[in-house]
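Since the structure comes first, as structure tokens, the remarks are kept for the end.
The values are calculated or read from the model by the stated rules, or taken from the named source; none is laboratory data. Just so we're clear, the structure is a prediction, and the values are computed from it rather than from any experiment. We work out accessible area using only protein heavy atoms, side chains counted, and drop any ligands, DNA or RNA first. Shrake-Rupley method; radii C 1.70, N 1.55, O 1.52, S 1.80 Å.
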Amino acid sequence: NQERRAVIRIMLVDDQEMVRVGFRMILQAEHDLTVVGEAGDGAAAVELADRANADVVLMDVRMPRMDGIEACRAIRERLPDTRVMMLTTFDLHDYVRAAIRAGASGFMLKDAPAEQLVDAIRIVANGDALLAPSITQALIDEIARQPERDRASYPGVDTLTERELDVLLLMASGRSNGEIAGDLYLGEATIKTHVGRILSKLGARDRVQAVVTAYESGLVTPGHR
């Protein structure tokens, strides 16, 4: 991942102006965050993204003209270094997998505490990915309800080493690199190397995609420890 600027540049996309005002007040109060643009629908967001040069786009899911998922896909195709975090008022789990496929790096509920939102932006800007815990659990539950799939349809899964499997299982439990390092008595730099190899073998863009693949392929099962 490319090293990010000292100040994280953020673009706000929501069709409700008061929501954008609220987010702007929260974000501008942080010394390392700045809002560089706002849009009221997905189509306007795609047009603005080229000029705003944002590190992170906070994107509402449901908007007129173009919804947040289509806008996310368009922005990620044109600006692969720009990260997109989806926001919604509702726990709309149907959108989660579509957003991940579209290239979203995070998915948070709008009613999350301000400090959680700020932390999430920093995590996403740093090149990582995250989902709100309730959304992660719902995603896992949804995958668990689906018919078991042939693992052979997920290239790379069977090429993971035993150590890489250990790391992936802990990633699927929501553990950070530092926590995984502690669990496995390894250095954090070593864990980062393992994570990079896992992403490469699975063809995953980030940790979220890798974990989804692990569950969908049956490599990891809900409730695993």
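When both segment 54-79 and segment 152-225 are represented by their alpha-carbon centers, they are found 28 Å apart.
Here segment 152-225 exposes an accessible surface that is 51 percent carbon and sulfur, computed with a 1.4 Å probe and the other protein chains kept in place. Accessible surface of segment 58-126, 1.4 Å probe: 50 percent of it comes from carbon and sulfur atoms.
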